[in-house]
Structure formats: C-alpha cells, structure tokens
1. Would you be able to tell me the number of residues in segment 164-174 that are open to solvent by less than 50 Å² (accessible area, probe 1.4 Å), in a helix (DSSP H, G or I) and among the charged types (D, E, K, R)?
2. Those residues that are in contact with a Leu (Cβ under 7 Å, 6 or more places away or on another chain) and open to solvent by less than 20 Å² (accessible area, probe 1.4 Å), I need them from segment 203-235; list them, please.
3. Is it true that some residue in segment 240-259 is acidic (Asp, Glu), over 29 Å from GLN323 (Cβ atoms) and either in contact (Cβ under 8 Å) with a residue 60 or more places away in the chain or out of contact with any strand residue (DSSP E or B) (no Cβ under 8 Å at 6 or more places or on another chain) (or both)?
4. Going by the structure shown, is ARG292 open to solvent by 10 Å² or more (accessible area, probe 1.4 Å) and touching a Phe, Trp or Tyr at 6+ places or on another chain (Cβ under 9 Å)?
5. Which pairs do you get when a residue that is touching a residue at least 12 places away in the same chain (Cβ under 8 Å), found in segment 132-143, comes within reach of a residue that is open to solvent by less than 80 Å² (accessible area, probe 1.4 Å) and part of a loop (DSSP other than H, G, I, E, B), reach meaning Cβ atoms under 6 angstrom, with the pair 6+ apart or on two chains?
6. Need a quick list: helices (runs of 4 or more DSSP H) entirely within segment 178-263 having at least 1 residues that are modelled with pLDDT of 95 or more, under 23 Å from ASP277 (Cα atoms) and of a type in the set (Ser, Thr, Tyr).
7. Quick one: would you say ALA297 is part of a helix (DSSP H, G or I) and under 12 Å from the mean Cα position of the chain (by Cα)?
8. Can you go through ALA105, ALA87, ALA132, ALA137 and tell me which one is of a type in the set (A, V, I, L, M) and open to solvent by 60 Å² or more (accessible area, probe 1.4 Å)?
Amino acid sequence: MAGVTSPLRLTDIAAQAQVSEATVSRVLNGKPGVAAGTRHKVLAALDLLGYERPVRLKRRSNGLVGLLIPELTNPIFPAFAQVIEQALAGHGYTPVLCTQTPGGATEDELVEQLEERGVTGIVFLSGLHADAAADPARYQRLAARGVPFVLINGFNEKISAPFVSPDDRAAADMAVRHLEDLGHRRIGLAIGPTRYVPSARKEQGFLAAVPSAESEGLIQRTLFTVEGGHAAGMALLDRGCTGIVCGSDPMALGVIRAARERGLRVPEDVSVVGFDDSPLIAFTDPPLTTVRQPVRAMATAAVGALLEAVSGTPVQRTEYIFQPELVVRGSTSQAP
C-alpha cells in the first residue's frame, strides 16, 4: 500500500484520472465524500498504470453479464467489446466475453453455458438476431426463462427486446452521395450476404441513392472480410466502377488490394469508402475514408438498456437507431 501512495505515484494517478492528488488519496484510503464517477476514474487510472488495487478497494461483483460476439478478427468487434466491458465494470458487473469460432461453440451453446453460470444478463453483438434466416424463437425462449438481454446490430420484429443499431441505410446513402459529389458516376457496392439485416439495409440505402438503371450489376454480395472485399473489388472494377462503397473496413482494404493488383491507384483511379471506422483504419495506406459507427454511444446505450431491465425497470422493446458519420480521408478523391 505504501508503494501505491508514494507522492510520485499519487501524481501519476492524479494526472491519469484528471483529478487532484487529494481526491486520489481519499479514494485509495476508502474515505467517503467522493462521487461514484470520480471514484471509478481513479480506479481506472490505477488499472491503466498497472498498479494493483488495495484490498479494501476490491469490491464484490454485482453479477456476471455475458457478451457474445461473432469473432475478433474484425477490429470493430473488439472495439465494441472494450466499451461494453468498461461500461459494465463501471456499474460493478463482471463481463464474460464469449467469442464464436469456426468449429467452436455455437451461440445457443454459449448462451446455455452462460445460463448455467447464473448470468445477470446478456449482450448480443451481431448475433443470430441479425440473420433473417435464423429462428428468432431462441430469443423468445430466453426471455421466457427470465434472462434480460439486449441486441446490437441487427433487428427482428419477432423478438421483443431492446435493439441498438446504426442507421445502415443512411450510411450507404451518405457514402454514395460523397462519391457523387466527387464526380463519380459509376459507383459499386461491396457488401455481405443480404440475409444479414445490416447488409440488406445498406443495399436499400444504396439503391435509394443510385438510379435503378445504373445500379444493375453494381452490387457484389460476398463475405465481410479482406478476401471478400478483394473478390468484390475485382468484379466491380471489371464493370468500370470508379467509386466503391463497402460494408466493412476489412472489405474496403480488400478492394484497395484488388485495385493495386490491376495497376490502379487509390484514390487517383478508384475511390473506396469503408464502414465502421474501426481502430487503426486512419493509418492504412491510404488512410481510409469510411462511415463511422458511433460505437461508444451505441455500446453505452445497450448497457444502459440491459441494466434497466436487470433492475426491473420496464424497458421499451424497440430499436434505437444511431446516426453514423462520414469520415473523409485519403482513399477518395475527384473522379478520374
């Protein structure tokens, strides 16, 4: 304990938490009179700086909350997971991260394992609720068993629960209009399978923005991966597209790779727009123009809705839609 409260370390913790050293001292010594939010900032600073919390500050968890995500390879999922876990920890809950992998446990099996461990609630991110071909009855059965849950990225009117989504239609629309403003007239769309709600909505937004006579053959449905983007990019470049809108940032990187294999320059010959604005995407070559998902706002809203349901407060069983933002960087420019 003495090592943690030495003046130098107090200074470091205060600077990291952006509070006074006196406040840090009060928190570390368990004294009253510190707001919960301020206390949390000090504890977070301790964790970030690698200091072990004093025994008196190690509180009991309010319960376990499961977080189901489809994978970790797409950086947008870890980005969501980090914010969700921070929000849960701030309310005293212990997050349990469950990742689906090929050949591993299914979503239903993971839910069963979480229930066996007595979870307080579950957050589903881009799960089977986003797949129009999946049976929504699994969520109805989960609700009947009294397990509160919230669903991110994907909507199904047959599921009675809070949903949190970005406006995918608006995302595609703003990407197309950005390219049109740059003079592009042949614009393609690379998205995932349209049985997934986010893909279907992006396609709807694209079709609303591009005249139907021009959109024929300019939509490529593939995988949400670099390889999927590469395949879609090859096909769309064959059809003379000078601007390509993508359903994810990894897909956009695949399109850029396809363009370079053709000897084309990005953005001088081909402009590319991604979706998500996942971490590090601003540092690609070129920095990627993309439509940003409001991850922090969406994740915070999802945790808030879940914890309201956990506390017994009636929660509106509806979809909360958040507006995305176009972030213009170096992968788009005037049409050639």
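1. Here the count works out to 2.
2. PHE206, SER215, LEU218, GLY229, listed by residue number.
3. As a first pass, look at segment 240-259 and keep what is acidic (Asp, Glu): 249.
Subset that is over 29 Å from GLN323 (Cβ atoms): none.
No; the residues of segment 240-259 include none that is acidic (Asp, Glu), over 29 Å from GLN323 (Cβ atoms) and either in contact (Cβ under 8 Å) with a residue 60 or more places away in the chain or out of contact with any strand residue (DSSP E or B) (no Cβ under 8 Å at 6 or more places or on another chain) (or both).
4. Numbers: open to solvent by 10 Å² or more (accessible area, probe 1.4 Å): yes; touching a Phe, Trp or Tyr at 6+ places or on another chain (Cβ under 9 Å): yes.
When the stated conditions are applied, ARG292 passes them.
5. PRO136/ASN156; PRO136/ILE159; TYR139/ILE159
6. Values: elements: 197-209, 212-215, 226-238, 249-261.
The helices (runs of 4 or more DSSP H) meeting that bar are 197-209.
7. Values: part of a helix (DSSP H, G or I): yes; under 12 Å from the mean Cα position of the chain (by Cα): yes.
Answer is yes for this residue.
8. On the way: ALA105 fails: open to solvent by 60 Å² or more (accessible area, probe 1.4 Å); ALA87 fails: open to solvent by 60 Å² or more (accessible area, probe 1.4 Å); ALA137 fails: open to solvent by 60 Å² or more (accessible area, probe 1.4 Å).
The conditions single out ALA132.
The values are calculated or read from the model by the stated rules, or taken from the named source; none is laboratory data. In this text the structure is predicted, and so the values were computed from the model without any measurement. As a convention, Cβ positions derive from the backbone with ideal geometry for all residues, glycine included, and neighbour counts pool all protein chains shown. SASA here: full protein model, heavy atoms, side chains in, ligands and nucleic acids out. Shrake-Rupley method; radii C 1.70, N 1.55, O 1.52, S 1.80 Å.
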